[in-house]
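Participant: I'd like to ask some things about the structure below.
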Amino acid sequence: MKNGNRFRFLAGPALAAALMVPAMGGCSSAEDLAKQGDCSATASGAAFVSAVGDLEAIATDLKVGVATACRNIAVAGGETTQWDGTGTPEDDMVTDACDAAVKVIGTVKAAGSFSLVIEGEAKCEANIQAQADCTAKCDVNANCSADVSASCDPGELSVKCEGTCNVGAKCEGSPTLAVDCQGSCSGTCEGTIKGGCEGTCTGTCSGTCTGKCDGADSTGTCAGQCEGSCSADCSGSCTKPSASATCEGKCQGSCEVTTPNVTCTGEAKCTGGCTGTATAPSCTGEVKASCNASADCTGSCQASAQAKASCTPPKVAIKADASIDGAIITALETELPKLLLVAQVQGKNIVSVLGKVTAGIKGAVEGSAACVLKLEGFVKASASVNVSVQASASASGSAST
């Protein structure tokens with residue numbers, strides 16, 4: 001998390017340059033500019049308008065979500081915030097709320113023992129078919145590939161796999177969806193964990209139990225029920241298997257496929273390689289352009305796809321000194337997953353495509369001064385996204401360091 005505490009706003013220089021596009025006809029008022037044309041009059045302009053709308057919507061959602069999460073932590077710890085929890089907070093209110101949350105977290109950690117276990121992974125899936133359709137519609141001369149896998153790095157293409165998930169790929173579970181597993185598990189494993197449990201092992205431990213063990217052999221090694229981390233094999237439940245551990249049972253996270261002929265059944269998806277019919281494609285990383293189209297079309301469509309990505313937060317478990325108010329622990333376990341999602345994946349992925357929108361921005365604003373007005377909305381929304389990413393990274397990072 002230390003590396004995630006600060007994200008630079010990559011689009012800044014390009015946006016500044018784009019804002020220097022002269023308003024047509026020398027008009028000075030916004031009303032006069034709006035009368036000079038419709039930004040949606042061209043296909044590329046329409047794609048840009050749609051991208052701005054999607055970015056404004058997600059910028060608002062992120063501000064409200066991050067400010068709410070940080071405020072709830074702050075209030076649980078007796079701190080006050082500028083934002084009262086109603087309406088949409090200003091950017092500085094988001095930062096203020098998360099600064100207050102950082103203060104509470106610091107106080108909790110200073111009060112006694114404190115450990116945080118992140119179960120599973122923060123994930124976002126962007127609809128790459130929608131991105132490809134948008135690009136093709138925006139630029140009729142684009143050579144759009146029928147293979148949507150071109151829109152994703154191979155290891156990040158996630159599909160419903162009516163066949164087998166390839167060796168080296170991952171069968172995707174979540175905190176609310178357990179998948180069959182015979183490999184490494186990123187979340188809670190129910191079954192046999194061979195190789196150690198860094199989180200909480202609730203079950204039989206055959207090694208050193210850091211916590212409570214109800215039985216030990218002649219060497220002092222735990223040979224009974226353990227409630228704590230286990231240095232060797234753990235049978236039962238483990239909230240965070242060791243990096244080299246193997247989960248044999250059910251995994252509430254992504255499970256690495258290590259043997260052939262593994263099927264990801266039900267709602268589970270396969271990421272990284274499917275043999276058979278693949279449907280509902282999405283991208284767990286940055287959605288890429290799959291068409292040889294103009295820069296303003298590809299950038300706008302990428303931004304829309306990333307802004308509308310479907311996201312799932314990780315799960316957080318906290319152990320702290322008994323003297324710490326339980327309401328604070330509950331607030332941290334409830335709100336930190338939301339902040340981790342924005343800081344690690346959702347906000348970060350959106351920021352990564354902003355510069356690609358500005359790379360073709362002059363093509364979108366050409367011929368319509370009304371697009372210059374939309375550009376102002378794009379700049380404001382982009383800045384808000386960056387504030388939310390930084391604020392969430394600051395608060396979540398303070399809890400994990």
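Participant: In whole percent, what relative contact order does region 39-169 give with Cα contacts below 8 Å and a gap of six or more residues?
Facilitator: Details: 84 pairs, mean separation 26.5, N = 131.
Dividing the mean separation by the residue count of region 39-169 yields 20 percent.
Participant: Picking from Ala295, Val345, Ala309, whose Cα lies most toward the positive end of the charge dipole for region 295-354 (charges on Cβ: Lys, Arg +1; Asp, Glu -1)?
Facilitator: Ala295
Participant: Ok, one more. Taking 0.36 nm per intervening residue step and subtracting the Cα-Cα distance, what contour gain separates Glu90 from Asp153 on full extension?
Facilitator: Working: separation 63, 0.36 × 63 = 22.68 nm, distance 3.59 nm.
Here the segment from Glu90 to Asp153 would lengthen by 19.1 nm.
Participant: Also, quick follow-up: Tell me the label-point distance for the pair Ala43, Ala327, using the 7 Å Cα-to-Cβ offset, in nm and rounded to one decimal.
Facilitator: The answer from the label model is 5.8 nm.
Participant: Just to check I understand the Karplus step: with θ = phi - 60° and J = 6.51 cos²θ - 1.76 cosθ + 1.60, what whole-Hz values come out for region 187-203, glycine and proline as x?
Facilitator: x, 6, 10, 10, x, 10, 10, 9, x, x, 10, 7, x, 9, 9, 10, x
Participant: Highest mean first, what order results for 105-113, 267-275, 162-170 on Cβ atoms within 10 Å?
Facilitator: Order by mean packing, descending: 267-275, 162-170, 105-113.
Participant: I've got another one for you. Hey, what did region 189-329 get for relative contact order, percent, Cα under 8 Å, at least 6 apart? Spell out each step's value before the answer.
Facilitator: Working: 217 pairs, mean separation 31.7, N = 141.
Dividing the mean separation by the residue count of region 189-329 yields 23 percent.
Participant: Now, a different point. Determine ³J(HN,Hα), in whole Hz, for all residues of region 272-277 in sequence, where each value follows from phi through the Karplus function 6.51 cos²θ - 1.76 cosθ + 1.60 and θ = phi - 60°; x replaces Gly and Pro.
Facilitator: Calculated HN-Hα couplings, in order: x, x, 10, 9, x, 7 Hz.
Participant: Right, here's the next one. What percent does the relative contact order of region 256-377 come to when contacts are Cα pairs within less than 8 Å and at least six residues apart? All intermediate terms of the calculation are to be shown ahead of the outcome.
Facilitator: On the way: 74 pairs, mean separation 38.1, N = 122.
Value for region 256-377: 31 percent.
Participant: Still on this model: Could you please report the charge total around Lys160, scoring K, R as +1 and D, E as -1 over all other residues with beta-carbon less than 12 angstrom from its beta-carbon? Could you put the intermediate results ahead of the total?
Facilitator: Details: positive: Lys269; negative: Glu125, Glu162, Glu172, Glu267.
My count for the surroundings of Lys160 gives -3.
Participant: Let me ask another. Can you figure out the FRET efficiency of Thr277 with Thr210, using R₀ = 60 Å and their beta-carbon distance, to the nearest 0.05?
Facilitator: Details: r = 46 Å, r/R0 = 0.77.
E(calc), rounded to 0.05, equals 0.85.
Participant: Next up: What is the sum of charges around Phe114, taking Lys and Arg as +1, Asp and Glu as -1, for the other residues whose C-beta is under 14 Å from the C-beta of Phe114? Spell out each step's value before the answer.
Facilitator: Working: positive: Lys109, Lys319; negative: Asp321, Asp325, Glu333.
With Lys, Arg at +1 and Asp, Glu at -1, the neighbours total -1.
Participant: Among the lysines, select those whose C-alpha is under 16 Å from the C-alpha of Lys240, and discard any that sit fewer than 8 residues away in the same chain.
Facilitator: Within reach: Lys194, Lys250, Lys315, Lys319.
Participant: Go through region 61-76 residue by residue and turn each phi into a ³J(HN,Hα) via Karplus (6.51, -1.76, 1.60, θ = phi - 60°); whole Hz please, and just put x for glycine and proline.
Facilitator: Using θ = phi - 60°, the values come out as 4, 5, 4, 5, x, 5, 4, 5, 4, 5, 5, 4, 5, 4, 5, 4 Hz.
Where a number appears in this text, it was derived from the coordinates with a stated rule and is not lab data. None of these values were measured; they are calculated from a predicted model. Glycine also receives a Cβ, built like all others from the backbone with ideal geometry; neighbour counts cover every protein chain displayed.
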